[in-house]
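Quick notes on the structure that follows.
The values are calculated or read from the model by the stated rules, or taken from the named source; none is laboratory data. Keep in mind the model is a prediction, meaning the values are calculated, not measured. Here Cβ is always computed from backbone atoms with ideal geometry, including for glycine, and neighbour counts include all displayed protein chains.
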Amino acid sequence: MNDARRVCEQLGIPHYVLNMESAFSHDVVDDFVNEYARGRTPIPCVRCNTFTKFRDLLRKAVARQPDEEHIVDLALRLFGPTHGFDLDVPPRDSEQERPPPDFSEH
């Protein structure tokens, strides 16, 4: 964590530390224990990526900086309504509508 903080200071960008223990425990650890008890072989990294890393962190980023359109655009692109992802962000006026950003590799 100190390395990340130091790099952020050098880049002049904010560094945030979030306590995700409760969500991680619920979405990843509890699921792992339950699935393992049923004789299945769960992959906790998939649950962490899906819930903790993407859903929960993007929600926190959008909640912290709702005016940062690139965060909102990324979140909507990755986790739009088809993925059950609700950002609670007011819709933009049609005049302000832009095509979604291109995140494909070049």
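Which one of these is part of a loop (DSSP other than H, G, I, E, B), touching a helix residue (DSSP H, G or I) at 6+ places or on another chain (Cβ under 8 Å) and either modelled with pLDDT of 75 or more or exposed (fewer than 11 other Cβ atoms within 10 Å of the Cβ) (or both): Leu58, Leu18? Don't jump to the end; show me each part of the working.
Values: Leu58 fails: part of a loop (DSSP other than H, G, I, E, B).
Every option except Leu18 fails the conditions.
Would you check which residues across the range 24-53 are within 17 Å of Arg64 (Cβ to Cβ) and either modelled with pLDDT of 90 or more or not in a helix (DSSP H, G or I) (or both) and list them?
Filtering the range 24-53 down to residues within 17 Å of Arg64 (Cβ to Cβ) leaves 52-53.
Once the filter is applied, which keeps residues that are within 17 Å of Arg64 (Cβ to Cβ) and either modelled with pLDDT of 90 or more or not in a helix (DSSP H, G or I) (or both), the range 24-53 yields nothing.
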